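Here is the structure we will look at.
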């Protein structure tokens with residue numbers, strides 16, 4: 001339900017708002033940095049697969065078109081990340097025998113293409129704890145989690161704040177060895193996930 005809401009918000013904003021979101025050289029000179037997060041924080045209110053999610057974004061605008069940022073984040077998940085939306089999504093039979101807790105950071109690069117339209121690449125280094133159904137850690141792991149994003153940057157309140165509705169493809173190009181019981185569930189699904197909605201927000205300074 002949460003992801004459907006994000007997709008709806010993304011569509012409405014793109015179709016109805018008249019924006020010219022790229023920052024001028026003067027605006028960047030005045031406020032080159034930003035701090036923010038993501039609306040995915042609302043997932044912490046979910047009753048099923050509550051992610052206990054925290055993310056902090058720190059960014060810097062190199063030019064009118066180029067932006068780099070650091071994303072610090074932690075979350076947990078009870079189902080394999082590659083399960084597509086549909087009958088198998090969060091189905092009890094597809095659940096891990098416990099959950100995975102991740103902590104890490106991502107380095108992101110955005111390139112503005114036209115007005116507020118941008119593409120972005122996020123490369124996350126994630127250290128993992130595998131927790132069994134008794135709440136005990138049984139192993140550690142590491143994965144690289146990439147996000148390839150297209151979105152629109154919308155300035156708010158005279159450019160002091162912004163939101164960025166987006167859609168993304170996620171990819172896990174590398175994963176260390178998992179406990180066998182987790183691996184059996186994860187191997188059933190793709191390392192890619194398509195059409196992931198996003199809505200970042202932030203404050204320029």
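Out of the residues in segment 138-191 that are within 20 Å of residue 202 (Cβ to Cβ) and not in a strand (DSSP E or B), state the one that is farthest from the chain's Cα centre (by Cα). Among residues in segment 138-191 that are within 20 Å of residue 202 (Cβ to Cβ) and not in a strand (DSSP E or B), the one farthest from the chain's Cα centre (by Cα) is 158.
Annotation: of all residues in segment 157-189 being under 23 Å from residue 112 (Cβ atoms) and out of contact with any strand residue (DSSP E or B) (no Cβ under 9 Å at 6 or more places or on another chain), the one that is surrounded by the most Cβ atoms within 10 Å (Cβ to Cβ) is 157. Among the residues making up segment 116-137, a single one is in contact (Cβ under 8 Å) with a residue 40 or more places away in the chain and not in a strand (DSSP E or B): 116. Residues in segment 95-109 that are surrounded by 19 or more Cβ atoms within 10 Å (Cβ to Cβ) and under 14 Å from the mean Cα position of the chain (by Cα): 3 in all. When residue 118 is tested against the conditions (1) closer than 26 Å to residue 142 by Cβ; (2) at pLDDT 95 or above; (3) under 19 Å from the mean Cα position of the chain (by Cα), the lone failure is (1).
In segment 46-101, what residues are without any contact (Cβ under 8 Å) to a residue 24 or more places away in the chain and within 30 Å of residue 23 (Cβ to Cβ)? Matches in segment 46-101: 53, 54, 55, 56, 62.
The values are calculated or read from the model by the stated rules, or taken from the named source; none is laboratory data. Note that the structure is predicted; figures quoted are calculated from it, not measured. In this analysis, Cβ positions are derived from the backbone assuming ideal geometry, glycine residues included, and neighbour counts consider all displayed protein chains.
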